[in-house]
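The values are calculated or read from the model by the stated rules, or taken from the named source; none is laboratory data. Quick caveat, the model's predicted, so the values are computed rather than measured. Don't worry about glycine lacking a Cβ; one is built from the backbone with ideal geometry, like all the others, and counts go over all protein chains shown. Note: accessible area is taken over every heavy atom of the protein model, side chains too, but ligands, DNA and RNA are not part of it. Shrake-Rupley method; radii C 1.70, N 1.55, O 1.52, S 1.80 Å.
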Amino acid sequence: MNVVSYGAGTNSTAMLIGLYEHNERPDLILFADTGGERPETYKHLQIVNDWCRSVDFPLIVTVRETETLEENCLRRKALPGIAYGFKSCSEHYKARPQKRWLKEQGIKDRQFLVGIDAGESHRAKHEDIRYPLIEWDWGREECIEAIQRAGLPQPGKSACFFCPSSKKPEIHKLKADHPDLLERALKMEANAELTSVKGLGRSYAWRDLVNGPDVFVATPEISCMCFDGDI
């Protein structure tokens, strides 16, 4: 059972297109929803789902925990694990829901396909996981070109709107595009009982940043790496 772990970002979208171009049909496509993706990501998810239908791929199955990552952080008065250098948010909100759903369906013999590209091959650490983009020697540019060939919009970065790995320009952009989501992130930060970090920025608080001048500097799209295929 070939199971695509779909993240709704550039790499995993390109991986689906590459499978189609290589005449490989996955058995399942799973998207683990933390409950904290940006609206653009959820919109792109539907667009790709329509594409899957058009090429006779299985439709994307969304799996999730009963409590969102945001709700969990508020309840625990804490920030996402990656703010402290841990990958607990990845394990609990990306890997675990997929594993549990497969177990509930009685699926034991399966192989995950994960969209780590050739430029990030050092992250491909698990022999029992398949990394098609590396097999095809597709780096970032090849992934973007594949999405263009399929006639799909570029998805951009897929990450929680409150991700501590966000770059400063991304935080300012969140303020401009989704002030409501920024306020929710700031509420999480203010609610957290912090000792080892200053806020969602680890060495700085997001509130201090957004209350300063809005400085937009173009930066390359970089994965938050909270989910590195460790499933």
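Below are the figures for this structure:
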quantity: Of all residues making up region 138-148, the number that are more than 10 Å from residue 119 (Cβ to Cβ) and open to solvent by 70 Å² or more (accessible area, probe 1.4 Å); calculated: 2
quantity: Output for region 152-162, where each listed residue is open to solvent by 10 Å² or more (accessible area, probe 1.4 Å) and either part of a helix (DSSP H, G or I) or at negative phi (or both); calculated: 152, 153, 154, 155, 157, 158, 160
quantity: Residues that are touching a helix residue (DSSP H, G or I) at 6+ places or on another chain (Cβ under 6 Å) and open to solvent by 20 Å² or more (accessible area, probe 1.4 Å), drawn from region 125-135; calculated: 134
quantity: Verdict on residue 196 being farther than 21 Å from residue 22 by Cβ, open to solvent by 70 Å² or more (accessible area, probe 1.4 Å), without any contact (Cβ under 8 Å) to a residue 24 or more places away in the chain and of a type in the set (Gly, Ala, Ser); calculated: no
quantity: Filter result for residue 112 (within 16 Å of residue 155 (Cα to Cα) and assigned to a strand (DSSP E or B)); calculated: no
quantity: For residue 104: the one exception among (1) more than 19 Å from residue 1 (Cα to Cα); (2) surrounded by fewer than 16 Cβ atoms within 10 Å (Cβ to Cβ); calculated: (1)
